[in-house]
Structure formats: C-alpha cells, structure tokens
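Notes follow once the structure below has been shown.
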Amino acid sequence: MSPQETIAHYRVIGKLGEGGMGAVYRATDTKLNRDVAIKVIPESFAKDPDRLARFTREAQVLASLNHPNIAAIYGVEERAIVLELVEGPDLAGPLPEEQALPIVHQLVDALEYAHDRGIVHRDLKPANLKLSHDGRLKVLDFGLAKALTIDSGALPDQVNSPTLTMRATMAGVIMGTAAYMSPEQARGQNVDKRADIWSFGVVVYELLTGKQLFEGESVTDTLAHVLTRDPNLSEVPPRFQRLVQLCLVRDPRQRLRDISGARLLLDEAPAAVPAPAGSQRTLKIVAAVALAVAALQFGWYLFRPAAVPQSAVRFNIAFPEDTIEIPTPAGRTFVPSPDGRNIVFAAMDKKDNQQHLWIRPIDNNSARKLERTEGANFPFWSPDSQSVGFFAEQSLRRVDITSGALQTICEFAVQIVNRAGNGAAWSANDVVLFNVRGPLEQVPASGGRPQRATELDASTGEVAHTWPQFLPGGKRFLFFAQADKRENSGIYAGELGSKFRSLILRATAPAVYDRAGFLLFVQAWALMAQPFDASSLRLSGAAVPVGGDVTTSEANGRAAIAVSDSGLLIFRSRRDMSQSSQLSWFDRAGKRLATIGKPGAYTSLRLSPDGKFASFIRNADRDSERGKGYLAIMDLATSVISRAAPDEARRFEWTPDSRHILYSRASTGLFEVALDTGATVEIKADQPLPGLEAISPDGQLLLLHDDLSNRTFVLPRTGDRRLKLVLDQPSRRSSFRISPDGTKVAWNATEESQPQVYIAAFPAFTNKRQVSSDGGGRPVWRRDGRELFYTHDDGLMSVTVEPGVTIQTGIPKLLFSFGANGRMNPVYAPAADNQRFLMIESTGEIEAPQIVAVLNWAAGLKH
C-alpha cells in the first residue's frame, strides 16, 4: 500500500516491514487521531474463507487482552488487524542482571495475565519484544501465530522469520520460530502455556548472554538442536540459572508448570557475585555490555524501569525549623521533581508570617526558601526539573530554582479560592494546563492568554476539571472531573487541541500516573495502585493497596498524592480517628466538669436548641467500613448514640424546633430528616445545591456555601426555592453562623495571611467588620446573641456584641487556653446557660498525619 491510501478510517503513512505474516504499515486513526500499526495479510489468505473466519474469531479473542506489557489490538478490518504502535528499540542482550531483572519481571507479568485467560503466545522471541520510549516492555503479536497460520512457502531466513508456519500433516501444525519454539511445537503436537514457558527460558538466556541458544544452518538443523541438544547454562548469572533450567525441560510435564513460579524463583535466588577485579572474564563482559547497550543508552537506559528491590524505602518529611504547614485543604503541596532529586513544598515562614515555596534535596534534610514566592501554593515542576510553577495572588507564576528568576505566566480573569487554584501541569511541549474554576485551561509556559482546554459535561453534572497530569508524549493528560453527584465524578484522559476524552475510572478524588505503569488513586482514603497502559489508556488487573491512608477533601476533589518520573511517591497520611475523641463538658474557665459517653471518632458538633441532644459526625471503624462518616445524635441524659441519617453526611444544622436536622451529603444534595420518624426528604431548588452552613432563627432561610467556587447563597426553606448569591469574594470562607435575632452573620475567612473572624449584616452581608485581631476561627453565638465565641491558637476567645442592627463589638478576651488541658480540641458548642461548653476532647490516641515519601514504592505492592 502507498502513503495516503486508507483501510476503513485508517490512513497509511508508510511501510514498517514485511514478513511471513504479511506487510506491516504505520497508519493514522482518523477518528481518534492516533498512530497505529496495521498488519495486512497476504491476498492468498483472504481467498480462504475458513482461514479468514478463524483469523477474525482469534483476533476478537486477542483484543480482550488489556495489560500494560502487551501491545493492544484495536480492531479487525478486512485482511487487516489494527494494533497498538509501539515505538522503541527491539530487546537485545547481553544486559547486566540488574537491568535484565525488571524486564524479565514485566515479561512474567504479561505471560501470566494472558495465560490466566487461556491465551498462549506461541511465538515468543526477541523480535516480538520491544521497549517503549518510557522504558516499558511490550510483547507484540500475542497469539497471532494461531490467528495467522499460513503456508511458509519460500521465506528468507526461516529460522528467524516473523512467524514460521510449517504444515507437516493435517493433524500437526508447527507454528512459531524454530530457534525459540518448544520441543512439542517442533514435533507438531498440541501446545499449551508450557510452550511459552520454554520460549521464555530461551529468550531470558539470550537477553543475559547475548547469544542465541539454539542455532543451525537450516530450519531442520535448528529444530534438531531444540529436540536433542542439552543447553549449556554456564554463562547465565546464578540468580537466573535455576529459572532458565526449569523452563528448558523438554518434557512439558516436568517443566515449570506456571509462569508465576518464575517470580518466586527470581525473588528467592541469590544475586550474582561479581568476579574479582581485573579478571579477564569481567573485562570481556564489560566490553560486551558496553557494545550491546550503546545504541540503547539514550532511548532506553535513561527511561528504563528501575530494578525492583526486595522492599520499598519509606520515610517522613519534616518541615524546616521556624515554618508550619499551611492550613489548607488536602492537595499537592509536596511535589517531587521529575528527576526525583528535589522536593518542592509550600509552608508558612514564622519570621515574616508569609507562605513561601521551599526546595529540599531528597538526600538530606536541609531546605531553602525560594524568594519572591509569597502566597504560593500547589506548586508543579517543569519537565526538566529546573523551574517550578505555582499559584499566587490571582495569577500563575514560575520561578527558576537556581537563579530565582520569577515570571508571571498569566493572570486570572476569575477569582480563585484561597488564591490556590486546583492544580496545574507542565508538558514537555511547554504547555501548562491548570484550573481555577470550571474546565481546564491551557497557556504557554513562556506566558500568554489562557485558552479553554476541556469542556464540562452538563449531562453528568460536571462542575470542574481539576488536577491535570500529562502522560508520556506531552499531548494527552489525565484530569479529575468533579460532578455535583459523587457517583458521576471520575478520572478522565484528554488531549491537547482535541475534544477527545476517555473515562479511565470512577473516583471521588484525583489520580496520578506513575511511569512504572500504574495509576495511583484513593479509595475510601486508602492509597491504591492498578496497572495502567498510558498508550491504550486501559486499566488492567486488580487494584492493590500501596500502604497508607491519604488525606483527601471530597468538598473540592483534592488528594494529597504526587509521584516523580523516577518513582518517588509522596503523600500526606490521614489521621486515624477511630478512637480519638471524647465528648466532655467544660466551664468558662476551662475546667472539665464531666465526660459524656464513650470515646469514639467524633467530628463537628452541634447542640439541639432545646439542649437535650448533641449531634456530630461519627466515623466508622476504619478497618470494617473505611471512610464512612455518618450523622449521629446523642441523648445527653442517657449517652445513647443513634444514627440520624441513612447516608454519609458532611454538614448539618438543627431546625429551631429541635425536631429535624438538615444535612448535606458527603457527595451532593441537601436533605431534611425528621428525628421522631426517621423520614428523610430531599430539598431541591432551581439548581444543584452547595453545602449547608446555617439556618436562620425562624427556620425560613438556609445559608449555603460552595467550597469549589467559594460563593455563598441563601435559599428559602419553603416556597419559591431559588438560590440567591449573597457573597462572591476570592478569600476562602467557612463556619458561617447566623445570630439568634437573625440580623447578623459571623464567619471566618482568610483574606490576608491568616484566617480571621468577621461579622456582617444578614442576609445582605453589608457593614462587614473584622472581630478577631490576630487570627481566629469557628465562631459560635451565645444563645442571646450578646456574645460571640471563637477559637484562637491560644484558646477559646470571647467578644461582646451589641444587640440591634448596627454592628458594635467589644475587645476580644481569652476565656481559657486549650493548652491548659493537653487533650482539649477546638471543636465546641456553648450550652443554653452560657456557662458551659460541650467540647470534643482528644484522647491522645490520634495517629498524626505525616508527609510520607516512598522510594521504589512499587516494590511494596502485594499482588
């Protein structure tokens, strides 16, 4: 075929090769805009209807294979099979065992996956093994020896032909390449997976020694050697000798029966002992290796998969002295450089009370501050590991980590939450993808005007595309699509300059791709890994735990995971809250008066208006029901706890009559539950509802806040339910409380360097006044509205508030210090008598969150 000719919707670019299976062409899939390989079978093949029908059936079976180490089959056309195009060098030896080991492991994984599904390769040989540009082994032509059985005819170099087929009799068909086929194949007998295991042993021998195990001047001579000659394995490194020996047993009944046994043999075998320095043998090996890998050094060696050690190396990352972790929701504030040598992170400098970026080498604990990065958050690296991009002050910026040169990439037309955005990525083509609100945008890394890169899918209720990551090649990328219903959120792949998108995985938080061939994501706070082929965008196998719980934020779809190209994994661990807290009464001096109920995992806290019940979010046991937090109430007279709502809850408020609770689900939706009957109804409006914050004293107005867009609304509880926007500012806000007379609202917001408490008129949010002077949070009104409580680093604060429409406050004063009782936690609810506070008290059994780094993380996977 000539260039520009087409097969179906595939346009031919040029020929890649030709052999016994027909011609192979490079072509472009005009529908999906990707390059593929097309094998066009000989015309004589198509004239045999039985053979053509069997070819189609076999190809359909092979297309079901979905594994990162197996080149995918995309489709079957008349006289053609469409395959994944794998670019990179052919696999060739000799290779040192530390380089060969991860390749052999990948080959074992591919064979095990196919054998478990009843598919045998039948033509395993070096010519069908390639190393992709990202260093991953790809097995080509899986099963095609069976699908493409043809008469050999006169073929050049039949011993190593692309697929040798010899018909001895109608009862026995010899398929495969003579030098690598098993004895039973050579005899024309029926074969199973043990034939692949023999070929595997031959391939491993050649990979390690650089020599073909069975050679002959003709096909007959080669087959004779396969059937009669005992292989000499003296040149095989000790670690591999037992494995190769068991693979090359001529009687298949005595041969290694399952390829999974190869993994065990490799793990248990001793590593090779180096020869004495200066020995002739060592010099010969070094010289041979140098010659063999010279052609691969820049294409494969730099991106080769690292040898998997017996165990991963895990350590915690400490913040530098005189800094504190920034009080921000979960996100990638710690990010390793692509080369794995440095880590960039955001932290607050106690000296200037400003948030900065810091650089820390992976091999020591020292960290240096990057100047001129005040207010920076959620950093991301350039592909060459020399620059860092970050969000700050309504703009996207970049800084050179060596010179400190600073540049603004672009400014934002919309206001962003906490000036932090929702993730960015920098491609090898110097394009930056980022999100501040809604879909992803793209901009040249050198600076320019942002352009929209993705489109929200209104049919699934998507509200934002966040946390992008470029896949190898720099054109395709992963991103998290957050929807108003959690079950519609997921991980997608997109492509620059195209409307292409593909669902990878339903998830509630972002995922990251590791070049070892895994997708890392969070399930119920557990960090999981699943094999993922970045070329075909396919997951395979089962997801397995990496080890460790990860901090996530369902409110804004953030997850604290990052990984370098070299396999350095960093994540923020989640607190173990299973038995972390106790409900206790304290007086206005901070003296504990009594404990209520048993220790448990309690978060959030509200007292019913009649003072009889406490409501809170109770986290279930982390081992039995990971990640499930439900709304519970406690009868304060009996300490009996009961579940108040059937599903997960995130925010909640009592109605003024103490008979109902309104709550927002952990995903989406606003509901009202009647406590006497348990009847639950959904509150609907003219658009999806953000999270509940407060209820007016008359029970008629609901105050709602969207963490993602950082906008605040009011909604009538009955009647015409239309959201009304009342506050839209860039600062991050939370903890809204309406005063008992309904004329004021208090909240905390981070408008400068630290959160402060504010009061304004309700519901107009006019006449705003700052109440706290040096930080504050969690404001709560006294029952008569004449006093406002809030938390501070020092303890619980109190400030008087004059009644009436005007906003007049006194000077804040400290009621008591949290430090006076080491177990005191700043989550509280004042009693109706204004003299006591119900508090969630820490038990001292909390597993504190850590910034965890894992070198060679994949070595710790439990398959």
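Could you please find all residues in segment 76-104 being open to solvent by less than 40 Å² (accessible area, probe 1.4 Å), in contact (Cβ under 8 Å) with a residue 60 or more places away in the chain and not in a loop (DSSP other than H, G, I, E, B)?
Across segment 76-104, the qualifying residues are Ala80, Ile81, Val82, Glu84, Glu97, Gln99, Ala100, Leu101, Pro102, Ile103, Val104.
In segment 215-236, how many residues are buried (at least 21 other Cβ atoms within 10 Å of the Cβ) and within 46 Å of the chain's Cα centre (by Cα)?
1
Would you confirm, using the coordinates I've provided, whether Ser735 is at positive phi and either in contact (Cβ under 8 Å) with a residue 12 or more places away in the chain or in contact with a Cys (Cβ under 7 Å, 6 or more places away or on another chain) (or both)?
Against the criterion (at positive phi and either in contact (Cβ under 8 Å) with a residue 12 or more places away in the chain or in contact with a Cys (Cβ under 7 Å, 6 or more places away or on another chain) (or both)), Ser735 qualifies.
Would you pick out the residues in segment 107-134 that are open to solvent by 20 Å² or more (accessible area, probe 1.4 Å) and within 26 Å of the chain's Cα centre (by Cα)?
Asp109, Glu112, Tyr113, His133, Asp134, listed by residue number.
When the residues of segment 710-738 are narrowed to those that are open to solvent by 10 Å² or more (accessible area, probe 1.4 Å) and closer than 16 Å to Val463 by Cβ, which ends up modelled with the lowest pLDDT?
Asp728
Among the numbered conditions (1) open to solvent by 50 Å² or more (accessible area, probe 1.4 Å); (2) within 26 Å of Lys598 (Cβ to Cβ); (3) touching a residue at least 24 places away in the same chain (Cβ under 8 Å), tell me where Asp833 comes up short.
Failed condition: (3).
Tell me the strands (runs of 3 or more DSSP E) entirely within segment 750-792 that contain at least 3 residues that are among the hydrophobic types (A, V, I, L, M, F, W, C) and open to solvent by less than 20 Å² (accessible area, probe 1.4 Å).
Because the criterion is at least 3 residues that are among the hydrophobic types (A, V, I, L, M, F, W, C) and open to solvent by less than 20 Å² (accessible area, probe 1.4 Å), the strands (runs of 3 or more DSSP E) in segment 750-792 that meet it are 756-761.
Going residue by residue through segment 610-625, is there one that turns out to be under 17 Å from Ala832 (Cα atoms), open to solvent by less than 60 Å² (accessible area, probe 1.4 Å), at pLDDT 90 or above and assigned to a loop (DSSP other than H, G, I, E, B)?
yes
Hey, could you check segment 499-515 for residues that are of a type in the set (A, V, I, L, M, F, W, C) and in a strand (DSSP E or B) and say which is surrounded by the most Cβ atoms within 10 Å (Cβ to Cβ)?
Ile504
Go through segment 16-33 and give me each residue that's at pLDDT 85 or above and open to solvent by less than 50 Å² (accessible area, probe 1.4 Å).
Of everything in segment 16-33, those that are at pLDDT 85 or above and open to solvent by less than 50 Å² (accessible area, probe 1.4 Å) turn out to be Val24, Tyr25, Ala27, Thr28, Asp29.
Tell me, which residue of segment 459-498 that is among the β-branched types (Val, Ile, Thr) and either closer than 29 Å to Ser382 by Cβ or touching a helix residue (DSSP H, G or I) at 6+ places or on another chain (Cβ under 6 Å) (or both) is surrounded by the most Cβ atoms within 10 Å (Cβ to Cβ)?
Applying the filter and picking the extreme gives Thr466.
May I ask you to list the residues in segment 345-374 that are within 22 Å of Glu751 (Cα to Cα), at pLDDT 80 or above, assigned to a strand (DSSP E or B) and open to solvent by 20 Å² or more (accessible area, probe 1.4 Å)?
Within segment 345-374, Gln355 is the sole residue that qualifies.
Among the residues of segment 377-395, which ones are more than 23 Å from the chain's Cα centre (by Cα) and closer than 24 Å to Glu751 by Cβ?
Listed by number, the residues that qualify are Ala392, Glu393, Gln394, Ser395.
Can you tell me which condition Lys146 does not meet? The list is (1) modelled with pLDDT under 90; (2) open to solvent by less than 10 Å² (accessible area, probe 1.4 Å); (3) within 30 Å of Gly261 (Cβ to Cβ), and all the others hold.
For Lys146, the failing item is (2).
Are there any pairs with C-beta distances below 8 angstrom linking a residue in segment 582-601 that is more than 15 Å from Ala829 (Cβ to Cβ) and open to solvent by less than 20 Å² (accessible area, probe 1.4 Å) to a residue that is in a loop (DSSP other than H, G, I, E, B) and among the hydrophobic types (A, V, I, L, M, F, W, C), with the two at least 6 apart or on different chains, and if so which?
Final answer for the pair search is Ala601/Met577; Ala601/Ala620.
Among the listed residues Leu675, Leu701, Leu692, identify the single one that is out of contact with any Pro (no Cβ under 8 Å at 6 or more places or on another chain), open to solvent by 30 Å² or more (accessible area, probe 1.4 Å) and among the hydrophobic types (A, V, I, L, M, F, W, C).
Leu675
The values are calculated or read from the model by the stated rules, or taken from the named source; none is laboratory data. Just so it is clear, the structure is predicted and the values come from calculations on it, not from any experiment. Every residue, glycine as well, gets a Cβ built from its backbone with ideal geometry; the counts of neighbours run over all protein chains shown. Surface accessibility is based on the protein's heavy atoms, side chains included, excluding ligands, DNA and RNA. Shrake-Rupley method; radii C 1.70, N 1.55, O 1.52, S 1.80 Å.
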